[in-house]
Structure formats: C-alpha cells, structure tokens
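Working notes for the structure below.
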2 protein chains.
Amino acid sequence: MKSRIGFIGLGIMGRHMSRHLIKAGYALSVYDLNTSAVEELVGQGATACANCREVAAASDVVISMVPDSPDVEKVALGENGLIEAARSGLIYIDMSTIAPAVSQKVAATLGAKGVRCLDAPVSGGETGALNASLSIMVGGDEGLFREMLPVFEVMGKTITYCGKNGAGQTVKACNQIQVAMNFIGLAEALVLGTKAGVDPAVILKVLQGGYAQTRVMDVRGPKIIKGEFEPGFKSKLHFKDLNIIMDTARDLKVPLPASTVAHELFSAMLSSGRGELDHSAVIQVLEGMAGVEARSRQ
Amino acid sequence: MKSRIGFIGLGIMGRHMSRHLIKAGYALSVYDLNTSAVEELVGQGATACANCREVAAASDVVISMVPDSPDVEKVALGENGLIEAARSGLIYIDMSTIAPAVSQKVAATLGAKGVRCLDAPVSGGETGALNASLSIMVGGDEGLFREMLPVFEVMGKTITYCGKNGAGQTVKACNQIQVAMNFIGLAEALVLGTKAGVDPAVILKVLQGGYAQTRVMDVRGPKIIKGEFEPGFKSKLHFKDLNIIMDTARDLKVPLPASTVAHELFSAMLSSGRGELDHSAVIQVLEGMAGVEARSRQ
C-alpha cells in the first residue's frame, strides 16, 4: 500500500476529500494558494508544502483537485510543478474536471519521466465529497486503476474504470451533456406549459410519473417551481464543462447540435450575472425570453 | 353512471382501450375507417356505426383516439361528425394527442351546443393501452373530470387533472419536450464518447448511476448500444408531437431553442426514412453526422 499521499487543491471539494484520506490513515502532504485552507488541513494532521514539486517529492501518490485545464497543466508541468520531482514509481491522479486532451498530454509528458497517471473526475458535488459518496470515472492503465482502488474508495462510492488516459474525462463530459439537456428539457417544458396557463407543479408531477422522468427533476424540480436556485452545482462550472465538451467535439469532428444550444444558454447565464446560481437556474434564461415565470401557485 | 360509450378510432391504441371498456361492462358503439378493426371489436360485443354522428346518437359519452389535430376536427366538427348529433348532456372525451388550440376550439364549438368536452391525451404507448396502465392527462371542467374518472380508470393508472380545456394537451406537449431532450442528450453523449474511444456501455452505466439518470436511458439505453430500434413509439409520431409543440410555442410567443433543434433532428429522421423506427433512433442522425456508431463492443 502506498501510504504517503499528496493533495493539491483544497477547495470546496478538495478539503473534504483530503480529510477523508487523513481519517483513513494516509500521511498527507498538501498544497493550495489559499493558506487558510492549508492551515485547516494541517490542523487535522496534514503537512504543508511550499509548492507542487515539494508535494511530489514527499509523496508516493499525488492527487489534484483544481478548477480547470490550465490549472492542471500548471500543477503537473509548470514551474515548481510535479514534473520537477518526477521519478519512476510516482503516481499522479488528477480528479479535476478538465479537457480529455489535456489529461492525455499530461499523462504522456509525465509518463516519459516514469510517472504513472490516471484521470479521475468526479460527480456528486460538495455533498458527495462531504459524505465520501462521489462517483469517480477513471481513465488510464487498468492495473494502476485496480492498485489505486483503495484510495478511491476512501472518497467515493461508485468507481468506474472507463478506459485509457482521458477516458474518465470523456465520460464526465458525456455526463455533463446529459445533465444539461435534462435541465433544459425541463425548463422548456415548464416555461411553455406555464405560459399556456397550466400550473408548473402539475407538469412536474406528470413528467416525474412517467417516461419523461429524470433524476434532476426529482432532486431539483420542486425547488425550481418555488424559485429556489441556491447551488448545488454552479452554472459557471457547468459552462466550463460545456466549453470542454464543445472543444472536444470540435477536435473529434462530432457535431453536437443540442449541446451547442446548451452551451449558448449557459453562456447567457454568465452574461446575465447568474454564474453563481445552481445550473437548474438555466430556466431563468428561457423565462426571460418568454416573459413568464414558471412558479407554482400551490 | 353513463353506460353507453362510443369509441372512434380503433388503431393500435384504440382497439385495446375499447376492449377494456367492453370488459368493464359498458355498451360500446364503435367507428373506424378500417372495417377489419371494426369487425374485431364487434366480435367482442361492440356495435358498429356508419359514422361519427351515429356513434354520438347512440352514446352518452363519446371517446376518440385518432392520429392528429385535423382528424379530431373532422370527427367532432366535420360532415357526419359529432356536431350533427350534438345535444345537451352529451360528453366528448378526445384522447388523441393534438394541438391544445384545437382541443379548445372543439370544446368551445361543441360546448355552444350543450356538449361537455375533455381533452385526455395519454402516454404509455401500446404496452400501456394493452395493460390498461396508461398515464392520462386531462383538461376541462374539474367536475366533469371527476364524473368521468371511472371511465378513465378502466384504461389507465395515473390519471391527472391538469386544468381547463387544452391543459391535458399542453402537459402532453411538455412531456414530449422532455422525452425528446432526454433521448437527444443520451445520443450526443454516446456519440461523442464513442468517437473519443470509450465503450458506450461504460458511458451508459455511469450516466444511469448518477445525476444524469433518465427513465428513457433505463428502458432504451441497453437497446440503443446494441443497435435495436424497433418501436416502441415511432419517430414519425414524436415528430408530429414536435410540430404541435413548435406551433403552440409560436402562438404563445415562447422561444424554445433546444426543442427547435429536437424538431430539426426528428425532421431529419423522417427525411432519411427512419420514421417507423423507435424515437430512440434519433441517435442515428447524430451518428451519421459524426461518422461513428455508438455500439458496444461488450
């Protein structure tokens, strides 16, 4: 068992994930630009490092959980990055949601120095991180995946091997397409029905009871028709994921007509100052265009 | 209890629904252009009529189950239609899926002659009709809805009062928006992921296990990745429903950017000869554009 783990990125998700690893008995070295987040983890038994290189030097396995593709490139390949402490035997698991192509580039570059890499993005949000119930989608060597399963099991519940490097990111992108479409379908249904004079609570109930059911309407539908849009998962993050999806689709020459519309609608959320709201708030863009609010009278 | 029921439209759905009504003890008068369908029901105890007017004259409650809005207008308001036998006390329940505006027009026109009308479109398809487990969405007077509940309960399971005349059709339209979007989201996810080199069975499994879950992926996902597209619910019927949705949205001035894309993709299904396939076959349009088939290797 690899007992020394490094954790880079102690944000909303990363700090919970780090805490679970400490509780599970791993010796944890941590790094984040936010010193108060570092202090919090040090208070729980972690060791602070000055940069990503130091984290790698002190660890058998390095995990990162940062916002976007450029952040991962910086952590892995930048100045004072993992690459400066790269050595045969080191393992790097990036759990951020980034472009599959960047995961592949990092895996190839670090791989040339003997570092074995997995991409392992998650879904389940802060609640999933808090309760160690994340879904984890893993790409890379299957033997390494099996070797790292005990580490994943400390942080998540449903852990799926998806294929070669980048495959975890690809499946996460697929997941975000479907979630966006489920919210937009619900939004267009509720806005049309409400403007036609039907109580959105009736529409929601009928859709939930039949072939139209989606998990997002079960979880968020009742909040939407009350006008409650606190996150959950912020729109600006789903927009970031849609950027990844559109870039990947262009690289692979895959036309995605409906996801393109989703991308535009989420772009409208950011331009109208709704980036901090839950992604279910995409309905507000449609409501604005239609001049109606899908709030229940009940 | 109104014991004499007329049934107009003995197609795939209507013949099962009629049979349940006969079994439940109602005296049934029937009409359809297809004489063999009429003979089948007569063999089960129904009385054949020469046209819709005769059905209305012989019945306390007339039910219709026909393909589209013009068919309902013809049944209700055309030559030899219900209007020629209209009288105070007659009840007309249209269970077809048509434009809400046409339901409202029929209800107003027949209403002026003393006929009380409900629109009551269904979901659940042939299986739902066969097993008397249809979902029924009802618009019209709420007292009349309650009066007719015993009749609906012979044919369906989940029966929901949606609001005034046309509200049943509106909720059905909302349902069809969401179902279309759920299938298209799944299709774009599977096509992108497959072209990126991931087994679509892995994508499906991950999406089903989390926030992206939809009932259509549970029911149809395993068939899609095997390339099985027998209906189910035919694409040409979902295209008809999307036509209703787009017309209704235009009338009500509700922009529906994602449903517009769904409408175009289903239009492409018909133009490419896929109208008789299940609506899940919308993935074939996306596969054709991307030059990849999302079939599992497992």
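The values are calculated or read from the model by the stated rules, or taken from the named source; none is laboratory data. Quantities reported herein were computed from a predicted structural model and do not represent experimental measurements. FYI the Cβ positions are ideal-geometry reconstructions off the backbone, even for glycines, and counts take in every protein chain you see. Accessible surface is based on the protein model in full, side chains and every heavy atom, while ligands, DNA and RNA are left aside. Shrake-Rupley method; radii C 1.70, N 1.55, O 1.52, S 1.80 Å.
Here is how the numbers come out for the structure above:
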item: Stokes-Einstein D (µm²/s) once Rh is taken as the Kirkwood radius of the stretch B:110-209 over alpha-carbon pairs, at 37 °C in 0.692 mPa s; result: 206 µm²/s
item: For the stretch B:1-153, fraction of C-alpha pairs farther apart than 29 Å, in %; result: 6 percent
item: Span per principal axis, largest first, for the Cα atoms of chain B (Å); result: 65, 44, 33
item: Built amide H within the under 5 Å cut-off of A:Ser29, gap 5+; result: A:Ile5, A:Gly6, A:Phe7, A:Thr47
item: Gain upon complete extension [B:Arg250, B:Lys23; 0.36 nm per residue less C-alpha separation]; result: 77.4 nm
item: Whole-Hz ³J(HN,Hα) from phi, Karplus 6.51 cos²θ - 1.76 cosθ + 1.60, for the stretch A:220-228, glycine and proline x; result: 10, x, x, 6, 4, 6, 9, x, 9
item: Fraction of beta bridges assigned by DSSP in the stretch B:5-165 that are antiparallel (%, nearest 5); result: 15 percent
item: Estimated Rh, the stretch B:5-68: Kirkwood, alpha-carbon pairs, angstrom; result: 11.1 Å
item: Net charge contributed by nearby residues that have their C-beta within less than 15 Å of A:Val38 (K/R +1, D/E -1); result: -2
item: Tail fraction, Cα-Cα pairs, the protein assembly as shown, threshold 41 Å, whole percent; result: 34 percent
item: 222 nm mean residue ellipticity, helices alone, for chain A (DSSP H n ≥ 4; -39,500 (n - 2.57); rounded to 500); result: -16500 deg cm²/dmol
item: With every protein chain in place, the protein assembly as shown: carbon and sulfur % of accessible area (1.4 Å); result: 53 percent
item: Pair B:Arg297, A:Thr127: separation of 7 Å Cα→Cβ label points (nm); result: 3.6 nm
item: Net charge contributed by nearby residues that have their C-beta within less than 14 Å of B:Ile283 (K/R +1, D/E -1); result: +1
item: Environment charge at B:Met17 (Cβ cut-off 15 Å; Lys +1, Arg +1, Asp -1, Glu -1); result: -1
item: Buried accessible area, chains B and A (both chains, 1.4 Å probe, Å² to nearest 100); result: 5100 Å²
item: The stretch B:125-156: GluC sites (Glu not before Pro) in DSSP coil with no more than 12 other Cβ atoms inside 10 Å; result: none
item: Tilt relative to chain A, helix A:142-155 - C-alpha long axis, 0 to 90 degrees, to 10; result: 70 degrees
item: Accessible surface, the protein assembly as shown, averaged per residue in Å² (probe 1.4 Å); result: 36 Å²
item: Largest-first ordering by accessible area, 1.4 Å probe, given options A:Arg220, B:Arg87; result: B:Arg87, A:Arg220
item: Cα point-scatterer Debye curve for the stretch B:171-290, base-10 log of I(q)/I(0) at q = 0.10, 0.13, 0.20, 0.21 Å⁻¹; result: -0.29, -0.49, -1.10, -1.19
item: Efficiency of FRET between B:Ala112 and A:Lys74 - r from beta-carbon atoms, R0 51 angstrom, step 0.05; result: 0.10
